[in-house]
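Engineer: Got a structure here, written out as structure tokens. Questions coming.
The values are calculated or read from the model by the stated rules, or taken from the named source; none is laboratory data. Fair warning: this is a prediction, and the values are worked out from it, not measured in the lab. Counting neighbours? That spans all protein chains shown, and the Cβs are built from the backbone with ideal geometry, glycine included.
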Amino acid sequence: MRRRKYGYFKWATWPRRLSGNLVLGKHVRLFAPLRCDGEGIVHVSDRTKLGWPAAARYGNGEILLQARSRDAVIRIGGNCALSNNVSIIAVESVEIGDDCLIGDLVSIMDSDFHGIAPDQRRTGPIKTAPVKLENNVWLGSRVIVQKGVTIGANSIVTPNAVVTSSIPPNSIAGGVPARVIRGLSEDSAGAEHE
């Protein structure tokens, strides 16, 4: 077991696998409380930061990673940064690639959790579809990503968007529901950094 810094001045002693369901890679840093529950597996890869002291924080800024069913899997790639109050809930699968940035109050869900017909809202079948964020995706604050969505590599989703369908790689998308606003070319991406 190793001691790792937790939050601002707190330390926690963690093995690499916590409570059988949470697996943390090397150098994972926590800047907000982490709630990880459910029966599935949550895997957070190396050098990922969970929470951020300077970002907006509602309540204690808790991050929820909930793999609800026994077969559910949440995988967060390496070198990602999740801001405060992020909720990721999987009944089947949520996969986040390497180098992703996720803003505060983002919700990512692979299920509707109940039917829409009045007689199925409490007891109806649950529809699920995997969610995937490819490498280097940036989700702005308060984005909602719904079931069955794939967001392509290098794409940006603007704040307050609701993503109901897949976004191609190298795109900027926004709105309710989210749609592609424009593409990102290699030239424009390089020019913004100069």
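Engineer: Out of (1) modelled with pLDDT of 95 or more; (2) of a type outside the set (Asp, Glu); (3) surrounded by 16 or more Cβ atoms within 10 Å (Cβ to Cβ), what's the single condition that is false for Trp52?
Structural biologist: Unmet for Trp52, out of (1) modelled with pLDDT of 95 or more; (2) of a type outside the set (Asp, Glu); (3) surrounded by 16 or more Cβ atoms within 10 Å (Cβ to Cβ): (1).
Engineer: Just checking, which of Leu101, Leu184 is surrounded by 14 or more Cβ atoms within 10 Å (Cβ to Cβ), over 20 Å from Gln66 (Cβ atoms) and at pLDDT below 95?
Structural biologist: Result of the check over Leu101, Leu184: Leu184.
Engineer: OK, next. So how many residues does the range 132-177 have that are in contact (Cβ under 8 Å) with a residue 40 or more places away in the chain and either hydroxyl-bearing (Ser, Thr, Tyr) or under 26 Å from Ile116 (Cα atoms) (or both)?
Structural biologist: Matching residues across the range 132-177 total 2.
Engineer: Could you count how many residues in the range 105-136 are surrounded by 19 or more Cβ atoms within 10 Å (Cβ to Cβ) and more than 20 Å from Asp37 (Cα to Cα)?
Structural biologist: Total satisfying the criteria: 4.
Engineer: Enumerate the pairs (first residue in the range 30-51 and of a type in the set (Phe, Trp, Tyr); second residue anywhere and not in a strand (DSSP E or B)) with beta-carbon separation below 6 Å, excluding pairs fewer than 6 apart on the same chain, so at least 6 apart or on different chains.
Structural biologist: Qualifying pairs under 6 Å: Phe31/Gly51; Phe31/Trp52; Phe31/Pro53.
Engineer: Which residues, taken from the range 114-170, are among the basic types (Lys, Arg) and under 16 Å from the mean Cα position of the chain (by Cα)?
Structural biologist: Lys132, Arg142, Lys147
Engineer: Need the failing condition index for His27 against (1) at pLDDT 60 or above; (2) farther than 18 Å from Cys80 by Cα, just the number.
Structural biologist: (2)
Engineer: Considering each of Ser69, Ser141 in turn, give the residue that is under 28 Å from Pro53 (Cβ atoms), surrounded by fewer than 21 Cβ atoms within 10 Å (Cβ to Cβ) and either touching a helix residue (DSSP H, G or I) at 6+ places or on another chain (Cβ under 7 Å) or of a type in the set (S, T, N, Q) (or both).
Structural biologist: Checking each option against the conditions leaves just Ser141.
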